[in-house]
Each structure stands twice: as structure tokens, then as C-alpha cells.
Amino acid sequence: MFGLERPEALFSFHSNPVWNMPGTKDVLQVIRDLDFVVSIDITAVGETTMLSDVVLADRTFLESWSLYNVEAPFVTGHALRQPVVEPPAETMDGTDILSELSDRIGILHRWNNALNGRLGLWRDPKLLLDPGKKYFIDQILDRFAKSLYGDEQGLDWFKQNGTSMRLRKPSELYSQHEMRIPFYHDYVKRAGDELKENMTKAGQEWMKNWKFDEYQPLPEWRPGLTYEEEPTEYDLVAGFFKTPISTFEDLANIPWVVEVAGNRPDVTYVWINSETRRRKGIKNGDRIRITSKYSSVEGVAWLTEGVHPEAVMMSQAGRPHIKSRYKISTAPMFNELVRADLSNIDPISGAYETEVRVKVEAIR
């Protein structure tokens, strides 16, 4: 597909496609079939890193540098993260790892040029990285800060002040159009037309069934795949949610967080409405099986009025494919229930469908 040859290798940087992609079993098989897998990560306790041939140890958040872009929309600026403890000798900052690898394989000039563009160092030519010189992360961040705020506000300034955060001005909050919020996005329609034309010229037959009609300048509601299907035996809709104590993999690997989350039924169990429980003959605390057309997972029923009678919900805390004492064994993995194919992808955003029709039964 896509006119590409079979991939041979995967280089993963703080990424875990086995955990965050749909069709978990298919993703697992794809990675197992690769010839070589390398991961840069802060832990080896991850679905993808555990399948890697080589794991390069990055430094954790308390051991490393970073200059974060403060979250919009009402504020702007950057905040510094700096080391507060000495890192283990066998680790290296992730960016430094990439610089070292680039130097060893003879593409340091390309890596530095990529950083020049990505970090906007071209704003001040004297801050551009020398193509033939290897830089460390603190040196790179110093140039990045100066390119944004001037020579007097480099890394040393951030060490003293911590953040440059401020409230955004009204002129920054709203667009430059006469209207405050543009609602006619003509560029979306143009992008769809250009994509269709280019794919046709390139002879990409698989694009014939692509949803080009969804590239519209005005937003409109369309039913998801879940609602296009007849309920039949799959009479419930399954979805997932995040909790403050288990947002992403970085929290899911912290032993203290896992201990707290593991004692909370709203995190570890499957939410089912009491009306649904009566219809299905399920009791609170029953072991249950949730089955879609593509796969099935098991969990524990938690009866609540906090979910619709036609739905079941589960957190994303499930980690059945890792071998570690630091995991929540009772939580199912939602992504296993979702299919991984192009029909399940939103053509505009690239996001996949986050709900699926299922049936639920007690395991007796």
C-alpha cells in the first residue's frame, strides 16, 4: 500500500504505538516483523520499548533540560525545566543522543540544519548552529531562547526567572480578520481538491474510496461509524477516558501513581449503567467480557449512573502487554477493540474513531 516497500526498521523517540494506536494486536505483529527496532525512552517498561532490539536511555524529567511553550489560549511564553538531581552515568539527554548519532553516521550537518529550521534560529543569523559542530541540549536551548526574546534573555535568564509567561493581548487572542472567529475555511476545500487531483495523477488507486466529500469549508455534523452500523448483537457503544492520575504513559509507569490508580474502581473497572446491568444480568464486581467485531477484552464491572445505559466506558490505564509489577492488571485495553484501517480514520484530522459497538457479558 501507498507505493512503499515493506519497512525494515523503526526508530521510536518517546513514542509507544503499541499502546496508543488502534488495532493493538495488528500493531504488535507489525513491530515484531521488523528487522530492527530502536527506542529512546526514559523507561524500558513500555509496550514498544520491550519489543526493541536497542533501548537508548534518556534522562527523566528531574534530570534534563527543556523549554516548554506555555499552553494557549489565554497566556503565552515559555517555561524552563532544569535538572534538580544528577542523572545516572549510563543515560544521555534524548536530543544529545540524536546529535551523537547524527555525528557518527555523517549527517550532523543535516541534523543541525533541521534544528535551525525547527527552532526558528534563522530569526537571528548569528544564532544558527554551525553545520559541522556538535551541540549539547543546554547550548541549543540558549540559542532558542535568544532567538525568541533577544540576547539578554537566554538560558541564564530563564534559570533565574523560570518563565516568560504573560497574558495574551486581545490582538493576539483574535484573528486578523474583521470577524473574530472565521467560520468559512475555504482552505480545507482547496486542500481536498488538490489532494484528489494529485493522488489521481500519481495513480494511487487506493485513494478512490477516500472521503473527499468531507473536505468542506463549513463545519457539519456527520454520524460516526458507530452510528452507521446496525446494533444487532453489538447493542452497546464502548468509549474511553483519561483521568488526572493516568493521562499518558509517563504517569502510567510511576509506581506510586500505579498504586493509587490501582485502588480506584473508576480507573481500573469498566463503567456500566445499573439499567444495563439489570438487562445483562451483571452484578457489581463481576468479571465481564467486552467484545467488538474485531477483538475482545476482559474487565471488572463497576455499576454507576455516570454513564449512559447504551454505553460502557473504561479508562486508558490498561497495560496487558507489558511484563511489570508496575501495571494495573484489572484494567482492560480499549484500543484492542478498535479496528486499524483507513475506513476508521478521519480524513481531515487523521484521528481514528474513538468509540466502537460492543456486546458485554458476564464471565461465569
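The values are calculated or read from the model by the stated rules, or taken from the named source; none is laboratory data. The shown structure was predicted, so the numbers you read here are calculated from the model rather than taken from an experiment. Cβ placement follows ideal geometry from the backbone for every residue including glycine, while neighbour counts extend to all protein chains displayed.
Total residues in segment 1-60 satisfying the condition of being touching a residue at least 40 places away in the same chain (Cβ under 8 Å), farther than 24 Å from Leu101 by Cβ and not small (Gly, Ala, Ser): the figure is 11. Gly318 meets all of the listed conditions (1) without any contact (Cβ under 8 Å) to a residue 24 or more places away in the chain; (2) surrounded by fewer than 18 Cβ atoms within 10 Å (Cβ to Cβ); (3) of a type outside the set (Lys, Arg); (4) in contact with a Lys or Arg (Cβ under 9 Å, 6 or more places away or on another chain) but one, namely (2).
Here is a yes/no grid of residues against (1) at negative phi; (2) loosely packed, with under 11 Cβ neighbours inside 10 Å; (3) free of Cβ contacts under 8 Å to residues at least 60 places away in the same chain; (4) not aromatic (Phe, Trp, Tyr):
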| residue | (1), (2), (3), (4) |
| --- | --- |
| Leu127 | yes, no, yes, yes |
| Lys134 | yes, no, yes, yes |
| Ile140 | yes, no, yes, yes |
| Leu148 | yes, no, no, yes |
| Asp156 | yes, no, yes, yes |
| Lys169 | yes, yes, yes, yes |
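Taking segment 99-125 as the search range and keeping residues that are surrounded by 14 or more Cβ atoms within 10 Å (Cβ to Cβ), of a type in the set (A, V, I, L, M, F, W, C) and free of Cβ contacts under 8 Å to residues at least 24 places away in the same chain, which one is nearest to Leu56 (Cα to Cα)? That would be Leu101.
Can you find, within segment 8-50, the residue that is nearest to Phe334 (Cα to Cα) among those that are in contact with a strand residue (DSSP E or B) (Cβ under 7 Å, 6 or more places away or on another chain) and crowded, with 20+ Cβ neighbours inside 10 Å? Among them, the one singled out is Pro22. Every condition in (1) surrounded by fewer than 17 Cβ atoms within 10 Å (Cβ to Cβ); (2) assigned to a loop (DSSP other than H, G, I, E, B); (3) of a type in the set (A, V, I, L, M, F, W, C) is met by Ala331 except one, and the failing one is (1). Say whether the condition of being out of contact with any helix residue (DSSP H, G or I) (no Cβ under 6 Å at 6 or more places or on another chain), within 23 Å of Gly46 (Cα to Cα) and crowded, with 19+ Cβ neighbours inside 10 Å is met by at least one residue in segment 289-307. Yes, there is a match, as at least one residue in segment 289-307 is out of contact with any helix residue (DSSP H, G or I) (no Cβ under 6 Å at 6 or more places or on another chain), within 23 Å of Gly46 (Cα to Cα) and crowded, with 19+ Cβ neighbours inside 10 Å. Of everything listed in (1) more than 24 Å from Gly23 (Cβ to Cβ); (2) surrounded by fewer than 21 Cβ atoms within 10 Å (Cβ to Cβ), the single unmet condition for Ser343 is (1). Restricted to segment 69-176, the set of helices (runs of 4 or more DSSP H) holding at least 2 residues that are touching a strand residue (DSSP E or B) at 6+ places or on another chain (Cβ under 7 Å) and closer than 26 Å to Ser39 by Cβ comprises 94-104, 137-149. Of everything listed in (1) part of a helix (DSSP H, G or I); (2) over 19 Å from the mean Cα position of the chain (by Cα); (3) basic (Lys, Arg), the single unmet condition for Lys25 is (2).
Residues that are part of a loop (DSSP other than H, G, I, E, B) and in contact with a helix residue (DSSP H, G or I) (Cβ under 6 Å, 6 or more places away or on another chain) were ranked within segment 334-351; the one that is modelled with the highest pLDDT is Pro347.
Screening Leu218 against (1) surrounded by fewer than 20 Cβ atoms within 10 Å (Cβ to Cβ); (2) under 24 Å from the mean Cα position of the chain (by Cα); (3) modelled with pLDDT of 80 or more leaves a single unmet condition, (2).
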